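The values are calculated or read from the model by the stated rules, or taken from the named source; none is laboratory data. Being a predicted model, the structure only gives us computed values, none of them experimental. As a convention, Cβ positions derive from the backbone with ideal geometry for all residues, glycine included, and neighbour counts pool all protein chains shown. Only protein heavy atoms, including side chains, enter the accessible area calculation; ligands, DNA and RNA are left aside. Shrake-Rupley method; radii C 1.70, N 1.55, O 1.52, S 1.80 Å.
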Amino acid sequence: MKFTYYGHSCFLVETNNKKLLFDPFISGNELAKSIAIADIEADYILQSHGHIDHIADCITIAQSTNANVICSWEIHEWLFKKGINNSHPMNTGGRWDFSDFRVKCTAAQHSSGLPDGSYGGNPMGFIVYTDEGNFYYSGDTALTLDMQLIPQWAKLNFAVLPIGDNFTMGYEDAVRAAKMIDCKHIIGVHYDTFGYIKIDHEKAKKAFNDDGRKLQLLKIGETVQL
Ligand code: NI
Ligand code: MN
């Protein structure tokens with residue numbers, strides 16, 4: 001799988017010749033000025049919840065790429081009202097086979113209001129099952145005991161977890177989450193973008209190292225093979 005980081009919680013995973021874009025928030029991110037959203041290609045957009053730091057560029061990119069947006073029922077309805085009619089509604093606990101990959105929606109302990117104040121339904125995370133392995137993106141969430149269920153659903157190659165604290169779990173709880181989901185390789189997201197979530201990278205990496213795990217912090221625009 002090819003993994004590209006676009007800053008905050010936005011990333012692209014390429015698998016089975018399909019491009020899966022997660023939580024597009026680029027134009028509003030001061031740290032992601034080097035990324036041009038017009039250049040982003042996507043076959044699917046996976047939308048974990050409705051907060052603006054996750055959905056800000058969803059409509060623009062859905063229009064430019066005609067990507068299928070995978071999201072909660074409420075975000076699906078909201079997008080339809082905004083003129084996006086290629087979206088797939090799901091909800092927590094549900095699984096769907098998109099033929100190139102499968103998705104299971106997991107519980108996230110967070111909130112999900114949309115930018116105009118509309119109700120966004122449940123915030124979610126995703127387990128994505130592919131021919132090249134499986135990964136978990138928790139979305140914005142606190143550490144929650146629900147994560148203990150994840151190893152029963154998937155053996156993970158890697159996981160994408162928020163580590164910035166204040167709005168989500170911080171890196172110490174993310175270490176506990178990594179243990180619960182039984183995953184050694186974590187890619188950190190949702191840090192440094194705003195003052196509330198600036199973190200010490202070395203302390204965060206050390207916390208994972210001390211628990212026998214690896215925290216990978218990618219540069220914005222960087223692509224790695226996973
Ligand atoms: Ni959020
Ligand atoms: Mn967020």
- prompt: Take the residues of the stretch 117-128 that are in contact (Cβ under 8 Å) with a residue 24 or more places away in the chain and over 15 Å from the mean Cα position of the chain (by Cα): which is farthest from ALA154 (Cα to Cα)?
  reply: SER118
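Quick check on my filter: what residues within the stretch 103-123 are in a strand (DSSP E or B) and surrounded by fewer than 19 Cβ atoms within 10 Å (Cβ to Cβ)?
GLY113, TYR119, listed by residue number.
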query: Cβ-Cβ below 9 Å, separation at least six or inter-chain, first residue in the stretch 166-178 and open to solvent by less than 10 Å² (accessible area, probe 1.4 Å), second aromatic (Phe, Trp, Tyr) and within 16 Å of ligand 2 (Cβ to nearest atom): which pairs?
result: GLY170/TYR191
message: Yes or no: the stretch 97-105 includes at least one residue that is among the basic types (Lys, Arg) and under 25 Å from ILE61 (Cβ atoms).
response: yes
- prompt: Quick check: anything in the stretch 121-137 within 25 Å of LYS81 (Cα to Cα), within 15 Å of ligand 2 (Cβ to nearest atom) and either aliphatic (A, V, I, L, M) or in contact with a His (Cβ under 7 Å, 6 or more places away or on another chain) (or both)?
  reply: yes
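A quick yes/no check of all residues on (1) within 16 Å of ligand 1 (Cβ to nearest atom); (2) touching a helix residue (DSSP H, G or I) at 6+ places or on another chain (Cβ under 9 Å); (3) among the β-branched types (Val, Ile, Thr); (4) under 18 Å from MET124 (Cβ atoms):
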| position | (1), (2), (3), (4) |
| --- | --- |
| ASN17 | no, no, no, no |
| PHE22 | yes, yes, no, yes |
| ILE55 | yes, yes, yes, yes |
| ASN91 | no, yes, no, yes |
field: Selection within the stretch 31-53 - part of a loop (DSSP other than H, G, I, E, B) and more than 18 Å from PRO123 (Cα to Cα)
entry: LYS33, SER34, ILE35, ALA36, ILE40, GLU41, ALA42, ASP43
task: Return the residue satisfying two criteria in turn: it lies in the stretch 69-100 and is within 16 Å of the chain's Cα centre (by Cα) and not in a helix (DSSP H, G or I), and of such residues it is surrounded by the most Cβ atoms within 10 Å (Cβ to Cβ).
output: CYS71
All positions within the stretch 10-30 that are over 15 Å from PHE135 (Cα atoms), of a type outside the set (Gly, Ala, Ser), assigned to a loop (DSSP other than H, G, I, E, B) and open to solvent by 10 Å² or more (accessible area, probe 1.4 Å): ASN17, PHE25
field: Those residues of the stretch 203-219 which are open to solvent by 50 Å² or more (accessible area, probe 1.4 Å) and over 16 Å from ALA178 (Cα atoms), in sequence order
entry: LYS203, LYS219
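Name the residues in the stretch 54-66 that are in a loop (DSSP other than H, G, I, E, B) and open to solvent by 50 Å² or more (accessible area, probe 1.4 Å), would you?
Residue satisfying the conditions is ASN66 alone.
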field: Search result, residues across the stretch 179-202 that are closer than 24 Å to GLY133 by Cα and surrounded by fewer than 21 Cβ atoms within 10 Å (Cβ to Cβ)
entry: LYS179, MET180, ASP182, LYS184, HIS185
statement: Checking LYS206, LYS219 in turn, the sole residue that is more than 16 Å from ligand 2 (Cβ to nearest atom) and free of Cβ contacts under 8 Å to residues at least 12 places away in the same chain turns out to be LYS206
